[in-house]
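To keep things clear, I will list the structure first and then write my remarks on it.
The values are calculated or read from the model by the stated rules, or taken from the named source; none is laboratory data. Only a predicted model underlies this, so the values are computations on that prediction, with no experimental measurement involved. Note: ideal-geometry Cβ built from the backbone for every residue, glycine included; neighbour counts use all protein chains shown. Heavy atoms of the whole protein, side chains included, go into the accessibility calculation; ligands, DNA and RNA do not. Shrake-Rupley method; radii C 1.70, N 1.55, O 1.52, S 1.80 Å.
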Amino acid sequence: MIHHHDQEAFAKLVDRIGSDHAGQRMEMQAHYSALLLKGYHLHIHMEEFPAIAWLIKTLLKTTGLWPLAVKNTSQYRIVEHTVPIPHLPESFDGFRILHLSDLHIEGMIDKGQALQTALSSLQYDLCVMTGDFRFLTYGHYDKTLTLMESLVSTIQAPYGITGILGNHDWLEMVPGLERCGIRMLLNEAQSLEKGSDAIWLLGLDDVHYYETGDLDKAIRLAPTDAVRILLVHSPEIIPEASTAGMDLYLCGHSHGGQICLPGSKPIITHCRCPRAYKAGPWEYQSMRGYTSRGVGTSLFPIRLFCFPEIIIHTLTRAPKP
């Protein structure tokens, strides 16, 4: 549902991304909602299947782990990740990128207050958000936008905030998110400039469920000899991104498993990729990447053997091979 004050902005968004892209996204969203109304939860998102939700909650409460699992959701880990890039412009050496993913913000037990506190002491140049702003995958999103506005007001990034949509997010949310102060990229590119130097962000629409991400379209918008950082919701197009010459691939979606076995071994991640790319830092050929364990949760506000994380990626000049 598009609010009246966003109708004009949404029309401009459709012109911006193209009617084919917008039409495909909207059609799939409508089809998805119809399946939910008919009760086909298992065929869409397994975490929404009522029996699985009941089983997980019952097991955690029976074993006495439920209170700990809830508490863990606000025990944020700050991760410093260094990214060496041979052709990084000298002026961007030391450039710090705050990476937040899978906020599912209205599902947070404190509605984001602990997250804001954790962010308050950090220093960074840019903030990127790699999708899944809301907790549910359907219905109204007013509360999501209200809480995102509060969170954005506390983020102090000289180069702003850039985001992409995830599989929990609807296209209609984009005008509201941009009104909050987040520059949304939907198969688009954005340059970050320091004097005569520039690096580029490329952001895709969801490649996991809606499959409306278009890497080729985004690639055409940025110089091939520039440093290119790709924002994708999930780690499911790593080979394609590497072939396209991306330098850094930032994503989330997996939550690191969210409910894990001891040793942070995930049970389920909902990602169509090898396990090595489902959480934390990784390398694929000459491309580096990071799959965030996320700051929020889905299904229930619980985490077990998998803490939420706030990542800061620091770009550094590396010796040329």
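Quick notes
- The heavy atoms of R183 present about 120 square angstrom of accessible area, all protein chains included, probe 1.4 Å.
- Spatially proximal lysines relative to K71 (Cα-Cα < 24 Å; intrachain offsets below 8 disregarded): K57, K61, K111, K143, K265, K278
- Mean Cα-pair separation over length for the chain, i.e. relative contact order, pairs under 8 Å, 6 or more apart, %: 24 percent
- Counted as membrane-span-like here are DSSP H helices of the chain whose alpha-carbon atoms extend 20 Å or more along the helix's own axis and whose Kyte-Doolittle mean is -1.0 or above; these are 19-37.
- Hull volume per residue, based on the alpha-carbon atoms of segment 68-219 and their convex hull, is 133 Å³.
- Charged neighbours of T316, selected by a Cβ distance under 14 Å, balance to -1 (K, R count +1; D, E count -1).
- Taking all Cα pairs closer than 8 Å and separated by 6 or more residues, the relative contact order of segment 77-142 comes to 42 percent.
- Over the chain: helical MRE at 222 nm, DSSP H runs n ≥ 4 each giving -39500 (n - 2.57), nearest 500: -7500 deg cm²/dmol
- Using a Förster distance of 22 Å, the FRET efficiency for A30-E178 (Cβ separation, nearest 0.05): 0.45
- Relative contact order of segment 224-265, defined on C-alpha pairs under 8 angstrom at six or more residues apart (%): 42 percent
- Under a 5 Å amide H cut-off, with hydrogens placed 1.01 Å from N, V79 pairs with I310, I311, I312 among residues at least 5 apart or on other chains.
- Listed residues K57, K12 arranged by accessible area, highest first, probe 1.4 Å: K12, K57
- Annotation for T58 and E211: the two label points, set 7 Å from Cα along the Cα-Cβ direction, are 3.5 nm apart.
- Here the simple spin-label model places points 7 Å from the Cα toward Cβ, and for E149 and Q113 these points are separated by 2.0 nm.
- Rounded percent of accessible protein surface that carbon and sulfur make up, the chain, 1.4 Å probe: 56 percent
- Once the 1.4 Å probe is applied to the protein heavy atoms, segment 80-161 comes out at 38 Å² accessible per residue.
- Loop-located trypsin sites (Lys or Arg not before Pro) in segment 203-287 (DSSP state other than H, G, I, E, B) with a sparse environment of at most 13 neighbouring Cβ atoms within 10 Å: R220, R272.
- Over segment 194-321, accessible surface divided per residue gives 39 Å², non-protein components excluded, 1.4 Å probe.
- For segment 258-321: rounded, prolate or oblate by the Cα gyration tensor [a/c cutoff 1.5]: prolate
- Ranking E240, E106, E27 from most to least accessible surface, computed with a 1.4 Å probe over the protein chains only, gives E27, E240, E106.
- Solvent-accessible surface (1.4 angstrom probe) belonging to D169, in square angstrom, nearest 10: 0 Å²
- Based on the Kirkwood approach, the hydrodynamic radius assigned to the chain is 19.9 Å, with every pair of different Cα atoms included.
- A DSSP coil position with no more than 14 other Cβ atoms inside 10 Å describes the following GluC sites (Glu not before Pro) in segment 161-211: E211.
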